[in-house]
Amino acid sequence: MTTVFLTGATGTMGFAGMQEILRFPDNYQLRILARPSKKNKELLAPLAANHPQLTIIWGDLTKYEDVLRGVEGADIVLHVGGMVSPQADYRPKATLKTNITAAQNITRAVLAQPEDKQPKVVYIGSVAQMGDRREPLHWGRTGDPICVSAYDHYGLTKAAAERIITDSGIKQWVSLRQSGILYPAILKNYDPIMFHVPIRGVLEWATVEDSGRLLERVCRDQVPAKFWNNYYNIGSGAEYRLSNYEFECLLLDAIGCPKPEKIFNANWFTTRNFHGMWYIDGDKLENYLHFRANVPVKEYFAQMAKAPSLPAGIKFAAKTRIARLFPHCVKAAMWFMANSYEHGTQWWIKQSTKEQNTKNKERAQKRISAYYGTLDAYRAIPDWNHMDLSHPSEQPVLLNHGYDESKEVESLTDAELQQAAAFRGGKYLGNDTWQDAEGRTFKASRRLILLGGHWSPYDMPFPYEGQQETPRPWHWDKVAKQNPFFAQLWTPLHDADEDNMYGPEIFEGWEK
């Protein structure tokens, strides 16, 4: 009997994983950590009553004692919990504290166990760690540069937490980088962040059912030893490799709405600075865990629209297609979303052109710089009739990782590690010690650097080592000038004369 400790059981992926694990009462004892909110207690009460193998620890991820109770005696830890978007975008300081403190607590609790009883740790990372992957670099793999997009607080904390857990000295760990999850409630999302997604961006989506199966399958004894201590991308496969335009068409059709051209203006969407890619290496995880159901994507969207959990109004709209009779009404609602909130793209445009100089104007201008390049670039966005809406290229473009990838990283010599460090603008000093382009030294395992795509922690927009209260700005333009490994991702997608820094004022709220 395997004892599993699961965090994030009341979230989308965690709840699916919990339900899947509970399907095997003879195989698992399951512990979950959940905040003792009224909503959580109502959600979990039926499961606790019907599944004696389920133990609920009422507590908080940011409290070490609560995490320790879950870790002690566990065989495997599934760390899924934390703050996610869009809440993370509105509460960056809380996201920073929650997601990083949780990773620190998990690490501390696991390392506190006797060495022969130390549980395995599965960390759920995110595609957001990889940042903007527009054409022609829309295909990617683990080991590519970590490049969190400006203002993506969630992506920052996921990259930082991954570094904490996978380089902590835990004996057996794995980081599974989750993509966008398809689940019925996504059909009712109505938030200005929906316009932060470039129309020609891409994502290899993962269904919530596949994600739940994944969490159960990774707990099985049959998972081979060579699977561990590595990084993998989660996706539901080729069928779910969509452009964002294709995704919008599928989503809108599922709820009976007109096509994007009828209810959005093309320039409501950003043109860069989001995240998402198709996976060159996506089948690696499937070959280990066999978690995909391979439901045709159009059929899956149709199934989502019929889900019992959806509000009656959405199901009625999906069934009757009534919104197609009134596209102007739908467009008016979308216009309001794009214009009326601090995170709406059209709100930035209006704020940036105001005559008076305010903090909101300055911040809006920085948002335009990050998400469009310039105000002129925004104004040059073509209308739907002249926009390229074709399916992006199916030909992957591989980035150079700077070492012989046919070799196991543990077998690389110091000279080969020195070559990899030089490709990143730095040096390898031996004994897991590296130096970046500015001469700052840091400790990191070769697995983190070469397999995970991480580099100098000083390049990240906030310090580690307990100094998160003094964040640094995003400054990827500067990093690209010093780091050829990073430049091969950054330079093709940005103007050569860019020299932008964003933050650290993003950790403050917008002025009302």
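The values are calculated or read from the model by the stated rules, or taken from the named source; none is laboratory data. Keep in mind the model is a prediction, meaning the values are calculated, not measured. For neighbour counting, all protein chains shown are included, and Cβ atoms are generated from backbone atoms with ideal geometry for every residue, glycine included. These area figures cover heavy atoms from the full protein model, side chains too; ligands, DNA and RNA do not enter into them. Shrake-Rupley method; radii C 1.70, N 1.55, O 1.52, S 1.80 Å.
Laid out as a table, the results:
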{"quantity": "Verdict on residue 81 being closer than 14 Å to residue 159 by Cβ, touching a Leu at 6+ places or on another chain (Cβ under 7 Å) and of a type outside the set (D, E, K, R)", "calculated": "no"}
{"quantity": "Odd one out for residue 179, checked against (1) small (Gly, Ala, Ser); (2) within 29 Å of residue 313 (Cβ to Cβ); (3) surrounded by fewer than 20 Cβ atoms within 10 Å (Cβ to Cβ)", "calculated": "(3)"}
{"quantity": "Residues of the stretch 26-59 classified as among the small types (Gly, Ala, Ser), more than 12 Å from residue 10 (Cα to Cα) and within 26 Å of the chain's Cα centre (by Cα), total", "calculated": "1"}
{"quantity": "Members of the stretch 256-313 found to be part of a loop (DSSP other than H, G, I, E, B) and among the aliphatic types (A, V, I, L, M), listed by number", "calculated": "277, 280, 293, 295, 307, 310"}
{"quantity": "Contacts under 7 angstrom Cβ, first residue in the stretch 345-359 being charged (D, E, K, R), partner part of a helix (DSSP H, G or I) and surrounded by fewer than 19 Cβ atoms within 10 Å (Cβ to Cβ), 6 or more apart", "calculated": "354/361"}
{"quantity": "Whichever residue in the stretch 266-307 is touching a residue at least 24 places away in the same chain (Cβ under 8 Å) and polar (S, T, N, Q) and, among such residues, is surrounded by the most Cβ atoms within 10 Å (Cβ to Cβ)", "calculated": "273"}
{"quantity": "Any hit, the stretch 8-24, residues being under 25 Å from residue 180 (Cα atoms), aromatic (Phe, Trp, Tyr), modelled with pLDDT of 95 or more and touching a Lys or Arg at 6+ places or on another chain (Cβ under 6 Å)", "calculated": "no"}
{"quantity": "The stretch 370-383 - residue that is touching a helix residue (DSSP H, G or I) at 6+ places or on another chain (Cβ under 9 Å) and surrounded by 15 or more Cβ atoms within 10 Å (Cβ to Cβ) and, of those, farthest from residue 249 (Cα to Cα)", "calculated": "375"}
{"quantity": "Within the stretch 327-360, tally of residues that are of a type outside the set (Gly, Ala, Ser) and open to solvent by 30 Å² or more (accessible area, probe 1.4 Å)", "calculated": "17"}
{"quantity": "Contacts under 8 angstrom Cβ, first residue in the stretch 403-418 being farther than 16 Å from residue 429 by Cα, partner acidic (Asp, Glu) and at pLDDT 95 or above, 6 or more apart", "calculated": "403/416; 404/416; 407/416"}
{"quantity": "Of all residues making up the stretch 145-165, the number that are in a loop (DSSP other than H, G, I, E, B), over 12 Å from residue 273 (Cα atoms) and either free of Cβ contacts under 8 Å to residues at least 60 places away in the same chain or touching a His at 6+ places or on another chain (Cβ under 8 Å) (or both)", "calculated": "1"}
{"quantity": "Residue 24, sole failed condition from (1) within 20 Å of residue 74 (Cα to Cα); (2) surrounded by 16 or more Cβ atoms within 10 Å (Cβ to Cβ)", "calculated": "(2)"}
{"quantity": "Residue satisfying all of: in the stretch 314-326; charged (D, E, K, R) and part of a helix (DSSP H, G or I); least open to solvent (accessible area, probe 1.4 Å) among these", "calculated": "315"}
{"quantity": "Any hit, the stretch 234-241, residues being open to solvent by 30 Å² or more (accessible area, probe 1.4 Å), touching a Phe, Trp or Tyr at 6+ places or on another chain (Cβ under 8 Å), over 24 Å from residue 293 (Cα atoms) and at pLDDT 95 or above", "calculated": "no"}
{"quantity": "Output for the stretch 397-409, where each listed residue is at pLDDT 95 or above and either among the hydroxyl-bearing types (Ser, Thr, Tyr) or in contact with a strand residue (DSSP E or B) (Cβ under 9 Å, 6 or more places away or on another chain) (or both)", "calculated": "398, 399, 403, 406"}
